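Some notes on the structure that comes next.
The values are calculated or read from the model by the stated rules, or taken from the named source; none is laboratory data. Keep in mind that this is a model prediction, so the values were computed, not measured. Backbone-built Cβ (ideal geometry, glycine too); neighbour counts: all protein chains shown.
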Amino acid sequence: MKTRAAVMYGPGVTKVQPGDHVVCSFVPACGTCRYCSTGRQSLCDMGANALFGMMPDGTFRFHGTTPDGRLEDFGGMCMLGTFAERATVSQHSVVKVDYWLPLDRAVLVGCGVPTGWGSAVYAGDVRVGDTVVIYGIGGIGINAVQGALSAGAKYVVVVDPIEFKRDTALKFGATHAFTDPVAAHDKIVELSWGQGADTAIVTVGTVDETVVSSAIGTVGKGGTVVITGMASPEHLTLHWPGIDLTLNEKTIKGTIFGSANPHHDIVRLLRLYDAGQLKLDELVTTTYSLHEINQGYQDLRDGTNIRGVILF
Ligand SMILES: NC(=O)c1ccc[n+]([C@@H]2O[C@H](COP(=O)([O-])OP(=O)(O)OC[C@H]3O[C@@H](n4cnc5c(N)ncnc54)[C@H](O)[C@@H]3O)[C@@H](O)[C@H]2O)c1
């Protein structure tokens, strides 16, 4: 994570002006493709090359020299690049935000907050009185907790092997926390009078068959499993009797950016924060200077941060 401040702009830029405060969205949204124009900006066609960092015009903005002296292009992660003090980005990747908001908090709504919050509110379609289970309480999962609560869930059950993560989820309002998914399943059966969870959200660091099976087995009739965490492309992650899906009308769906619309939801979430209805300050466990980046990675691996932010 990093703070990104005021913009400068080149020819053809119409969405922002010099001095605007912006949040960089990891999903670009052009506003005009089939998906953007039907309210599904998270699926914007421009996202196709975002993981490789190629800009919409087919060029790259980062360049380097190979050991044998050749000039080479490098993709900026999600068309943004990370850990640079300055970057050239597409206007479709930036969302203008209210100037009075602190940028070291606003930065959180470029990825983790909308992805987790939207996994519950949009992809999971959590309703008042629902029972929700969330596997994995990192920067994404903790915001799924916030989303589920804001949608009115009665019970929010979390599963994470790390005590600090479970405790943080409880502080954010989760109702129950478990290390063991079987214990979580049994509690949910008890809480729901045998019906199972309405929504399960998978936000673990690396999704595998075991956690997906736990999620499908814990939702009840008409339940939805949302897979937000990324899986290795080399492994199958779904192995479940289709008859359960058919007879119990279960839905399994993936989501990118929590199925949120960057141009609407980034501003919306920040205004919820401004109104005291969304926690952002509490998400930041540690801040780092750019020189401390390796410590930030180590803390991420050690599970000691909910979110780390680099301050320039
Ligand atoms: N779909 C999207 O749009 C999107 C966007 C950003 C990140 N992601 C993905 O979401 C996932 C989570 O990201 P993050 O930043 O929150 O990661 P993180 O590393 O901060 O948190 C992951 C958490 O999962 C827990 N965990 C690991 N295995 C578990 C298991 N089997 N059961 C329960 N908990 C388990 C870890 O202890 C950790 O607390 C990653 O796969 C990331 O790539 C998806």
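Data for the structure
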{"quantity": "Restricting the range 217-235 to residues that are under 21 Å from the mean Cα position of the chain (by Cα) and not in a strand (DSSP E or B), the residue that is modelled with the lowest pLDDT", "calculated": "233"}
{"quantity": "Any strands (runs of 3 or more DSSP E) falling wholly within the range 35-123 and containing at least 2 residues that are in the same structural domain as residue 296 (by TED's automatic domain parsing), touching a strand residue (DSSP E or B) at 6+ places or on another chain (Cβ under 9 Å) and over 30 Å from residue 134 (Cα atoms)", "calculated": "62-65, 71-74"}
{"quantity": "Top-ranked residue in the range 147-166 [being free of Cβ contacts under 8 Å to residues at least 60 places away in the same chain and assigned to a loop (DSSP other than H, G, I, E, B); ranked as farthest from the ligand (Cβ to nearest atom)]", "calculated": "152"}
{"quantity": "Matching option when the condition is part of a helix (DSSP H, G or I), touching a residue at least 40 places away in the same chain (Cβ under 8 Å), crowded, with 24+ Cβ neighbours inside 10 Å and within 15 Å of the ligand (Cβ to nearest atom), among 169, 174, 144", "calculated": "144"}
{"quantity": "Qualifying residues in the range 115-131 (those that are of a type outside the set (D, E, K, R) and farther than 20 Å from residue 256 by Cβ) - the one nearest to the ligand (Cβ to nearest atom)", "calculated": "131"}
{"quantity": "When residues of the range 293-312 are limited to those that are in a strand (DSSP E or B) and of a type in the set (A, V, I, L, M, F, W, C), the one nearest to the ligand (Cβ to nearest atom)", "calculated": "309"}
{"quantity": "Long-range neighbours under 7 Å by Cβ, at least six apart or interchain, first residue in contact (Cβ under 8 Å) with a residue 40 or more places away in the chain within the range 226-249, second of a type in the set (S, T, N, Q) and more than 10 Å from the ligand (Cβ to nearest atom)", "calculated": "226/199"}
{"quantity": "Subset of the range 236-253 that is in contact with a strand residue (DSSP E or B) (Cβ under 9 Å, 6 or more places away or on another chain) and outside any strand (DSSP E or B) - its residue that is nearest to the ligand (Cβ to nearest atom)", "calculated": "237"}
{"quantity": "Failed criterion for residue 179 (all others in (1) touching a Ser or Thr at 6+ places or on another chain (Cβ under 9 Å); (2) surrounded by fewer than 15 Cβ atoms within 10 Å (Cβ to Cβ) hold)", "calculated": "(1)"}
{"quantity": "Meets criteria (of a type in the set (Gly, Ala, Ser), part of a loop (DSSP other than H, G, I, E, B), buried (at least 17 other Cβ atoms within 10 Å of the Cβ) and in contact (Cβ under 8 Å) with a residue 12 or more places away in the chain) for residue 29", "calculated": "yes"}
{"quantity": "Qualifying residue in the range 107-114 (condition: touching a Pro at 6+ places or on another chain (Cβ under 7 Å) and at pLDDT 90 or above)", "calculated": "no"}
{"quantity": "Residue in the range 122-135 that is under 21 Å from residue 217 (Cβ atoms), surrounded by fewer than 20 Cβ atoms within 10 Å (Cβ to Cβ) and hydroxyl-bearing (Ser, Thr, Tyr) present", "calculated": "no"}
{"quantity": "Residue 45, sole failed condition from (1) surrounded by 18 or more Cβ atoms within 10 Å (Cβ to Cβ); (2) touching a Phe, Trp or Tyr at 6+ places or on another chain (Cβ under 9 Å); (3) more than 26 Å from residue 201 (Cβ to Cβ)", "calculated": "(1)"}
